[in-house]
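Student: Okay, handing you the structure first.
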Amino acid sequence: MPAAVVSLSFDVGEISYPLKPAPTSGVAYYVRVLRVVGGIEFKAKYAGAALGYLWSVAKPLAYFGVLWLVFAHLLRTANQTHDFTIFLLIGILLYTFFVDSVSAMLPAIVTGGSILRRLAFPPILIPLSASVGIGITFCANMSALAVFIAIQKVAPRAEWLLVPPLLAELGVLCVGIGLLVAALYVRFRDVGQIWELTAQLLFFASAIFYPIGILPTWAQKVAFLNPFVQIMQDVRHAILGGPSGPNDLTAATVYGGAWGRVIPLSIAVLVFLGALAYFRREGRFFAERV
């Protein structure tokens, strides 16, 4: 049902001036809604907490502390990665953002079903607004990475300019998978359990706390079919200025050429486009099914 449009006007003497209603479509409208709703959800998430926004940094730092203690000290001889502190922190921050984004988007349509039944509201804005707060949290977490980079005295380099495009690729991947699972969750509640298990397995399968080169050659090629692994490795190399050790590889190294990066990048784009098409097709029935 189309949204109601209210036409307003006021008179000044004998002249009538109409007041144009605010646009309810287009990129500007979407951005305005996402900014407002996302900001509200981010503030509500930490409302009443004694530490407030500091909790957004506490989770990845807790993971980092445990893994750093184990692999940088208890298993020092098994770990041949230089700059392991930054190597590990980058992996944890990106993994946390990826998993939290998808996890926030997954139930969004079901929990926001009342909005779809009462208002002519674009369904896609509901999962996207749920991910905005995660994005704000990620920006806050990046400040912790900046602190460690300063402590480790990592010199700025031109490769740092590659980080924003890589993070944009990660955002496309997160939105694509998030829209897909959000649409599937409306029909199949088992998707929630499947994603929870997948997220746990992904933590161990994505070379977050170990160099990917220790895997067999065939396993390396399989691992880089996951765009997240390619993004994480490229961000590490961009920030650190190259490999952190003999086993710190990228998709270009594993597939034998710069074109190797095209494989995971193409997968990320295809996932996004396919998920967007599926979400739009299913979106016509969301109000009836939730």
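Student: Can you give me the accessible area per residue for the stretch 87-142, using a 1.4 Å probe, in Å²?
Tutor: 30
Student: Taking N as the number of residues in the stretch 197-269, what is its alpha-carbon radius of gyration divided by 2.2 N^0.38 Å?
Tutor: 1.02
Student: Between M142 and R118, what is the spin-label point distance in nm, taking each point 7 Å from the Cα along the Cα→C-beta axis?
Tutor: Those two pseudo-labels are separated by 3.6 nm.
Student: With a 1.4 Å probe and all protein chains kept in place, how much accessible area does T217 have, in Å² rounded to the nearest 10?
Tutor: T217 exposes around 90 Å² with every protein chain in place.
Student: How much accessible surface area, in Å² rounded to 10, belongs to the heavy atoms of I214 with a 1.4 Å probe?
Tutor: Near enough 100 Å² of accessible area.
Student: Give me the three principal axis extents of the stretch 179-225 from the C-alpha atoms, as integers in angstrom, largest value leading.
Tutor: Principal-axis extents of the stretch 179-225 (Cα, largest first): 40, 17, 14 Å.
Student: Right, another one. Once the principal axes of the Cα atoms of the stretch 100-155 are found, what is the range along each, listed largest first in whole angstroms?
Tutor: Result for the stretch 100-155: principal-axis Cα extents of 54, 17, 12 Å.
Student: Tally up the carbon and sulfur contribution to the accessible surface of the stretch 139-285 as a whole percent, 1.4 Å probe, everything protein left in place.
Tutor: 71
Student: Just reorder W160, W259, W218, W195 by solvent-accessible area, largest first, 1.4 Å probe, all chains present.
Tutor: So, going from the largest accessible area down, we get W218, W259, W160, W195.
Student: Given a 1.4 angstrom probe, what's the average accessible area per residue across the stretch 213-253, in square angstrom?
Tutor: Working: 1420 Å² over 41 residues.
That works out to 35 Å² per residue.
Student: Using a 1.4 angstrom probe with every protein chain in place, what is the largest-first accessible-area order of R284, R289? The partial results should precede the final answer.
Tutor: Working: R284 160, R289 90 Å².
Descending order: R284, R289.
Student: Top to bottom by accessible area (1.4 Å), largest first, where do H237, H82 land?
Tutor: Largest to smallest exposure gives the sequence H82, H237.
Student: Could you give each residue of the stretch 163-177 its phi-based ³J(HN,Hα) in whole Hz, using Karplus coefficients 6.51, -1.76, 1.60 with θ = phi - 60°, and x for Gly or Pro?
Tutor: 5, x, x, 5, 5, 5, 4, 4, x, 4, 5, 4, 5, x, 5
The values are calculated or read from the model by the stated rules, or taken from the named source; none is laboratory data. Here the structure is a predicted model, which means the values were calculated and not measured. All Cβ positions, even for glycine, are placed from backbone atoms using ideal geometry, and neighbour counts span all protein chains on display. Surface areas here come from the heavy atoms of the whole protein model, side chains and all, with no ligands, DNA or RNA. Shrake-Rupley method; radii C 1.70, N 1.55, O 1.52, S 1.80 Å.
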